[in-house]
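So the structure is just underneath, and the comments pick up after that.
The values are calculated or read from the model by the stated rules, or taken from the named source; none is laboratory data. A quick note: this is a predicted structure, and the numbers were derived from the prediction, not measured. Backbone-built Cβ (ideal geometry, glycine too); neighbour counts: all protein chains shown.
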Ligand SMILES: Nc1ncnc2c1ncn2[C@@H]1O[C@H](COP(=O)(O)OP(=O)(O)OP(=O)(O)O)[C@@H](O)[C@H]1O
Ligand SMILES: [Mg+2]
């Protein structure tokens, strides 16, 4: 298998008051390139914790993560942040659009921080909004869009800078089943050049996955 991410013996504990909670207890996995990988597990099983570690948003207590052979877990904060801006994309469960920016400006913002030159940006913004079916809604402010449309802008924003890997945390949780299926279709179209790691309870998303990992009691089942 051609893996883009390799995780070795990931452990993550949290100290809460006097107690140490061990959430991840030694997880090793491979994320196949240009494929959809789904992480499943009960609420509280550690899916978000694991995705944040794989996406260099949070360090593990121990263990290693490699992105295309480069160790993320020993990278400096500056390097991690550069990788997040340029090679990784994130879609969060609660849509995090900037309320004072239109749909187009939200997507453009991700391109600006990834360092994409101005002359390329307008076309790229339109291309990404069109891909999620919102080519005619670029001028809308977030509050002038439905929840599903906002989620699709967030997807357009996550893929605009052409990241190698997109991490999506429950991307369809707040969508009706039809809109959820549209989002799954977008993911399937993206799979040709993008690796996706998706934490989900949604059977329709899991059905579209190339690889499913199930977390239980801190380990993979
Ligand atoms: N910063 C933190 N401090 C203390 N405990 C934490 C912290 N982050 C997560 N946890 C604990 O780790 C466990 C796993 O949380 P996580 O958010 O990864 O679960 P999840 O599988 O994503 O759940 P859900 O399906 O509800 O989103 C939970 O029991 C949670 O309370
Ligand atoms: Mg979660």
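Here are the numbers for the structure shown:
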{"read-out": "Entirely in region 76-151, the helices (runs of 4 or more DSSP H) that have 2 or more residues that are over 16 Å from the mean Cα position of the chain (by Cα) and surrounded by 14 or more Cβ atoms within 10 Å (Cβ to Cβ)", "value": "103-113, 118-131"}
{"read-out": "Scan of region 42-51 for residues that are surrounded by fewer than 19 Cβ atoms within 10 Å (Cβ to Cβ) and more than 9 Å from ligand 2 (Cβ to nearest atom), ordered by number", "value": "42"}
{"read-out": "Hey, residue 163 in contact (Cβ under 8 Å) with a residue 24 or more places away in the chain, more than 16 Å from ligand 1 (Cβ to nearest atom), in a loop (DSSP other than H, G, I, E, B) and touching a strand residue (DSSP E or B) at 6+ places or on another chain (Cβ under 6 Å) or not", "value": "yes"}
{"read-out": "Selection within region 77-93 - touching a residue at least 24 places away in the same chain (Cβ under 8 Å) and farther than 22 Å from residue 191 by Cα", "value": "80"}
{"read-out": "Options 121, 191: the member that is away from ligand 2 (no atom under 16 Å from the Cβ), in contact with a helix residue (DSSP H, G or I) (Cβ under 6 Å, 6 or more places away or on another chain) and either over 26 Å from residue 102 (Cα atoms) or at pLDDT 90 or above (or both)", "value": "121"}
{"read-out": "Residues of region 29-54 classified as touching a residue at least 40 places away in the same chain (Cβ under 8 Å), part of a strand (DSSP E or B) and away from ligand 1 (no atom under 13 Å from the Cβ), total", "value": "5"}
{"read-out": "Residue within region 5-12 that is within 14 Å of ligand 2 (Cβ to nearest atom), crowded, with 16+ Cβ neighbours inside 10 Å and at pLDDT 95 or above present", "value": "yes"}
{"read-out": "Single residue of 72, 57 found to be in contact (Cβ under 8 Å) with a residue 24 or more places away in the chain and either touching a strand residue (DSSP E or B) at 6+ places or on another chain (Cβ under 9 Å) or within 16 Å of ligand 2 (Cβ to nearest atom) (or both)", "value": "57"}
